[in-house]
Each structure stands twice: as structure tokens, then as C-alpha cells.
1. The conditions are (1) surrounded by fewer than 22 Cβ atoms within 10 Å (Cβ to Cβ); (2) small (Gly, Ala, Ser); (3) within 16 Å of Thr135 (Cα to Cα), and Gly409 fails exactly one of them. Which is it?
2. Would you point out which residue out of Lys513, Lys501 is within 24 Å of Asp225 (Cα to Cα), assigned to a loop (DSSP other than H, G, I, E, B) and open to solvent by 60 Å² or more (accessible area, probe 1.4 Å)?
3. If you scan the stretch 357-375, which residues turn out to be assigned to a loop (DSSP other than H, G, I, E, B) and out of contact with any Asp or Glu (no Cβ under 7 Å at 6 or more places or on another chain)?
4. If you go through the stretch 238-263, how many residues are within 30 Å of Glu352 (Cβ to Cβ) and either of a type outside the set (S, T, N, Q) or open to solvent by 70 Å² or more (accessible area, probe 1.4 Å) (or both)?
5. Mind listing just one residue for me: the one in the stretch 406-436 that is of a type in the set (Gly, Ala, Ser) and assigned to a strand (DSSP E or B) and, of those, nearest to Thr155 (Cα to Cα)?
6. Only one of these is under 25 Å from the mean Cα position of the chain (by Cα) and surrounded by fewer than 23 Cβ atoms within 10 Å (Cβ to Cβ): Ile235, Ile206. Name it.
7. Please pick out the residue among Asn492, Asn509 that is farther than 18 Å from Val458 by Cα and either touching a residue at least 12 places away in the same chain (Cβ under 8 Å) or of a type in the set (Lys, Arg) (or both).
8. Any residue at all in the stretch 337-344 that's touching a helix residue (DSSP H, G or I) at 6+ places or on another chain (Cβ under 8 Å), open to solvent by 60 Å² or more (accessible area, probe 1.4 Å) and over 27 Å from Glu73 (Cα atoms)?
Amino acid sequence: MSKTTKTAAAASRGQADPAGLLDVVVIGAGVTGIYQLYRAREAGLSAKLLEAGSGVGGVWYWNRYPEARFDSESYTYGYLFSKELWEEWEWSEQYAGQPEIERYFNHVVDRFDLRRDIAVNTKVTSAVFDEPSGTWTVTAENGTTVRTRFLVAATGNLSVPFIPGIAGREDFKGEQHHTSRWPKKPIDFTGKRVALVGTGSSGVQIVPAIADEVASLTVFQMKADWVTPLNNRPITAEEQAGLKADYERIRDTLNTSPSGFLHAMNPVMGADVSPEERQEFYEKVWNSPGFTKLTEHYRDMTFNPTVNAEWCDFMAGKIRGIVKDPATAEKLIPTDGGYGARRPPFGTGYFEAYNKPTVSLVSLPEEPIVRFTETGIETSTGLREFDIVIWGTGYDFGTGALNRLGVRGRQGLALEEHWANGPRTYLGIAAAGFPNFFFPGGPHGALGNNPRYAGDQVEFAHEALLHAYKQGYDVIEVKAAAEQEWTDLMNNSDNMSIFQKASYFYGANIPGKAVSQLLNPTGRWKLQELIQEVRENDFNTFDLSKAGSAADA
């Protein structure tokens, strides 16, 4: 949109109007929020981004624990909107580590002069819609207050750390750190007795990273996961040149891929080949990089119980072959679901770490934690003393951050009340009763590589608010019927999902939280299909109105 297509009240040429009203306020400086700010600025809108942390990068600002890194290929995670950016930035590894990722996001905000519109150390605590003016007033913990026509909460799914309520935790005199709130100053593990609670993606990365530094590392595991090798490696000079030369094809593929990866879907059904061929294939898959173990596996692996079980038996054999202590090996083999039933972690040297004399494993179902004491953790078998406790216990996924923003829509409707029984959304981006409010990258987002489907939603949110401006309206709000239809589709599509309901993808890890679908089981193609329908039908799933009026356009 050119600047001249905006309404007179909003034609600020990138500056707030005399009354201080901004066109767009974005919350969150992660991969999604930075892109939303870029699109607003590119269109000549006045915009500001509010970030709780002291720097940009979102999850890659907060998660700075040892060996934190991508498990999506680095170049598929970054931005695709600029060929110049693509060509000038070189990722050093297939799966980059946190310091490099954080440098990338800082490069982007400086490269496109976005930093002047980013306010860090500004944690939003309230966002209230004013019906007479059709605007939002956003307030932060530090006293910052801004008014905006449109509010975009790009707060992400992995933003609010979860620590289980274990008796006595506040009595522990040693250090405690959640992997997603890691201090900037490196922690000295030398000679320390360390406890790690949780063995999801973060725990799997951190165990081998600190195993050689500690005096002892005790890993408390609630459930074993099917951990497979990440198989990371440097990107060669030849590969770097190929990536730069192939920008257009890679961009177009990633913009349309159902998974958001460059991976090629395998058309072969495991049931159609011999057992011997399958064993050879499983060996190849084990040695393949990252998510290809899921995306390029046999086409029927996730829904053919025989093939899935055979693949799991193969992985179990690998674990038994790596871990020398048979009892420990058995504890590390999942018994409550096949591959893909939970989000699969990828590690480097994870199972090998259990062969070190410093590392031991506690199975919490067999030896539950009773309480914390001043010196350590008491389990059902006695007290274990520690100097440092690491919490790798995950997040309040999907709705956690959004429900903590103090969002109030029409007639004071609280977002957390609207979502008390699970999220109600339209295309995972808007909610009825909350005009001019969008949340790309939130609940009911498509499955796959997050920046790719969240990017689809950023584009859609941007087009929706521009559509309102172009039509001469101040307010755009999704119709309740459209919200209901999409929410019903999400909640009735569990048969399309491979994930267990007893997972954080349903909120089952948070005590008292409604167990409800937080993803989009229908996938990215369905999301893109419906977005295109909305475009072609002149945004007819939304109501447009003048400020102070709820009348349909």
C-alpha cells in the first residue's frame, strides 16, 4: 500500500499523528514480531514494537543455555523477504547455535533500520480496546503507554516457562535456572552437583553440553522421548554458493511447502517394501539430519502401526547399543507411544553422555520427587544434594503469553476468559470480540517450521489491516460465525494429528489448563487455502465499521 491510500486520520507517513496515535503496535521481538514490524514500516505505517527482554530474537534471546540451537535448517528459519539479506548472511552450520541466531536477528533489525522503533525492557501488562475511538491503549510494566489503531501480539508459543509446583522449591539455597530464562553470564558448572529436571528438546541438548564440566549430573526424567541424532555439520563454501544462487527456488519452495522445510516428501509406503529394505532405510534415516526423520520417512510411518513399531524397535536397538548400562538404556526407551506421538527431540551425544561416570538418570514414575530442601531434592528413596537445579520443564504453550497480556476487547471482554475452555480463533490469528487485534504465531497455527507458517499469518494480518484502511474504515473484526467454524475444525480434527493429547500441544502439562487443541492439525496448506479464499472474497469473514459503531460494512 502506498502512503496515500491510508485514511486522512492515519496518513502519518510513518509518524504517529498529533494525538500520539500509532497505526500499529507489535508485541514481541521474535522472528514473527520483527517481520510484522518490517511489513508495517515498509507500508509507510507508523509502528512501534514493545519487547519484554533487553534484546531482540524472542526465544533465541531468552534460551541461551549451553548448546541451545536450531533443529530446523538455519537457512529455512531465516527471513525470505529480501534477496540481499539472503545473500549477505551466511549461516555457519546446518543447525546454528544460539549465539549465531541472536546475531542474525540483531543484524536484521539493524540492516533494515528497525531498532529505532523497538522499545526493549518493556513488558506489556495491559491492552484495552476503546470502542468509541476504535483504538487500543497498551501499557507496560515500566509505565510506558501507547495508543494504536491496530495491535499485533507476536508473543510466540514458547514464551512462558513452566516450573511444576513442587513443595519446598523456594527453600533451596543453591542456584535454580529454567532453560528459557538463562542468565547472560555463563554459569560455571565446574565441580558442581547439578540436577536437570526434564528431558524434552532443551534437556536433550544441555546434558552432553555440561556432562564433562560437572562433578555430577542427575537427570530427572518424567517420560522418555524418541531422541534421534541431529547430525549437524558445517555448511561448506560450495553449499553456501549454491544457497545464494538458488534463492528464488528456495524461497518459493519454503513459501509453499506443507512442512515449511526444503525436505522432499517420500512417496514410498513402508508396507510396500521388504523387511530387509526397511532395515536399510531405517539406518539411513537414523543418520539423516534433523526433521527429515519425520518428513522424509516412509509415507505411512505415522499411521501404519506396524511400520511405526518397527522403526521404534530399530531406535530402541540403537539406544541399547549406545548406552552401556542395560537398566539405564531401558529407562531411556519410550513405552507410552510411537514415533511422532510427541514432538521429537534431536540430540548430539545425548545417549553417549549416560556412559560418563558423572551422569545418572532418575525415572520419576519409579522415584518421584517428594520435596525440595535447603540442600537438594528429596525423592521417594531419600535426599540427593545439589548445588544447581536446571528446569527443562517446558512452557505454557500456545495461549500462555497471550493470556498474560491483560487483553480486554469489546465491553471489557478478557481474552483469558474467552479462552477459558481452550482458544477460540479464526485461522489462528484473530478472535471475535477483539477488533483490530491479531496474534500471528499463536494458538491454532499450522504444523511445521514455525517462521514459515507464522510468516503466512503475518502477511494475512498485514493485508487485513490495510484492507480496512483502503476501504475507509477504522475497525476490522472477525465474525463470530467464522471464528466458530475454524475453532470447530481445529477441535474436530484430532484424527489428523499424530500428537498425544497428554502433551503440551494440548496444554496437558499445565495444571488447571483446559486440555484443548493448540495446533492446526489440518496443516499449512489448509491455512493458505482459506487465506486465499478470504482475499478473493474481499475479506467477507470480517466486519468493517467506523470507530464508535459496531455496524457491519
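The values are calculated or read from the model by the stated rules, or taken from the named source; none is laboratory data. Keep in mind that this is a model prediction, so the values were computed, not measured. Note that we place each Cβ from the backbone using ideal geometry, even for glycine, and neighbour counts take in every protein chain shown. To get the accessible areas, we keep the full protein, side chains included, count just its heavy atoms, and leave off ligands, DNA and RNA. Shrake-Rupley method; radii C 1.70, N 1.55, O 1.52, S 1.80 Å.
1. Against the list (1) surrounded by fewer than 22 Cβ atoms within 10 Å (Cβ to Cβ); (2) small (Gly, Ala, Ser); (3) within 16 Å of Thr135 (Cα to Cα), Gly409 comes up short only on (1).
2. On inspection, the qualifying residue turns out to be Lys501.
3. Let us first name the residues in the stretch 357-375 that are assigned to a loop (DSSP other than H, G, I, E, B), namely 357-358, 364-368, 373-375.
Hits for the stretch 357-375 are Pro357, Thr358, Leu364, Pro365, Glu366, Glu367, Pro368.
4. Residues in the stretch 238-263 being within 30 Å of Glu352 (Cβ to Cβ) and either of a type outside the set (S, T, N, Q) or open to solvent by 70 Å² or more (accessible area, probe 1.4 Å) (or both): 4 in total.
5. Within the stretch 406-436, the first condition is being of a type in the set (Gly, Ala, Ser), and the residues that meet it are 406, 409, 412, 414, 420, 422, 428, 430-433.
Filter once more, so that each one left must be assigned to a strand (DSSP E or B): 414, 430.
Numbers: Ala414: 17, Ala430: 14 Å.
Going through the qualifying residues, I end up with Ala430.
6. One residue alone meets the criteria, Ile235.
7. Asn509
8. no
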